[in-house]
1. Please give the contour-minus-distance gain from L57 to T148: 0.36 nm per residue of separation, less the Cα-Cα distance, rounded to one decimal in nm.
2. Determine, for each peptide in 83-93, 126-136, the mean count of other beta carbons within 10 angstrom over its residues, then list the peptides with the highest first.
3. Label 7 Å along Cα→Cβ of S141; region 49-72 residues with amide nitrogen under 11 Å?
4. Which of the peptides 110-122, 94-106 is most tightly packed, and how do the rest follow, judged by the mean count of other Cβ atoms within 10 Å per residue?
5. Which distance in nm do the two modelled labels at H91 and Q44 give, with both placed 7 Å along the Cα-to-Cβ direction?
6. Run the numbers for T101 and S124: contour at 0.36 nm per residue of separation, minus the present Cα-Cα distance, in nm.
7. Please state, to two decimals, what the Cα-based radius of gyration of region 41-181 comes to when divided by 2.2 N^0.38 Å (N = residues).
8. Taking θ as phi - 60°, what are the ³J(HN,Hα) couplings along region 60-71 by the Karplus curve (6.51, -1.76, 1.60), each to the nearest whole Hz, with x for Gly and Pro?
Amino acid sequence: MACATIAASLTFHPPTLFAADNETELPRTDPSADLFSPVRQSVQNIQHLFTDVRQYLGIRYRFGGDSPSGFDCSGFVRFMFSKELNVDLPHSSREMSTMGTRVDRSELRPGDLVFFTNGKNRISHVGIFVGNDTFVHSSLSKGITRDTLSESYYSKRFATGVRILDVQDSQLPNDLNNLIDGDSAS
């Protein structure tokens, strides 16, 4: 009997029921949509990112690592972007390379991600561009370190740059390397 009453209620009063449902239903969105649009951050956030990198220099490489006890390349980039910029990146260099806006090597800005191949045109490594041809990354042999894009190993394997952060050129210094060295106050 109760089922018949509910069924009759649905049949004779659908506009009221469905209107209430429509008002409370949230619009459907792609949960990853925000990851693919550049994130607007202040110059201070990016400068703080590079100042903070200093404390991690020399931390050992650890496969799958994403904490100060040991980082792999994507774990380091993911950790820094989450900690300093509140940006959630995947723990995969290949997945990171599909995000943001692709930029040519000649157009890289501090904060851009730089990607490298394993020699078979497959993305296998990521770092954070600092400026002045320099990037920070987690190296298998040196741990968290700085290297240059013009070094033979990285020059041959450079695949692309990706801009996740959207900061105006005129606001950002061309080289934030001095923040990592500690030569400049943040």
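Derivation of every value follows stated rules applied to the coordinates shown; laboratory data play no part. Note that the coordinates shown come from a computational prediction; the quantities given were computed from them, not determined experimentally. A quick note on method: Cβ atoms are made from the backbone with ideal geometry, for glycine too, and the neighbour counts reach across all protein chains shown.
1. 31.2 nm
2. For the peptides 83-93, 126-136, the packing ranking is 126-136, 83-93.
3. Within reach of a label on S141: no residues.
4. For the peptides 110-122, 94-106, the packing ranking is 110-122, 94-106.
5. Result: 3.2 nm between the two label points.
6. Fully extending the segment from T101 to S124 adds 6.4 nm.
7. 0.93
8. 5, 6, 9, 4, x, x, 9, 9, x, 7, x, 10
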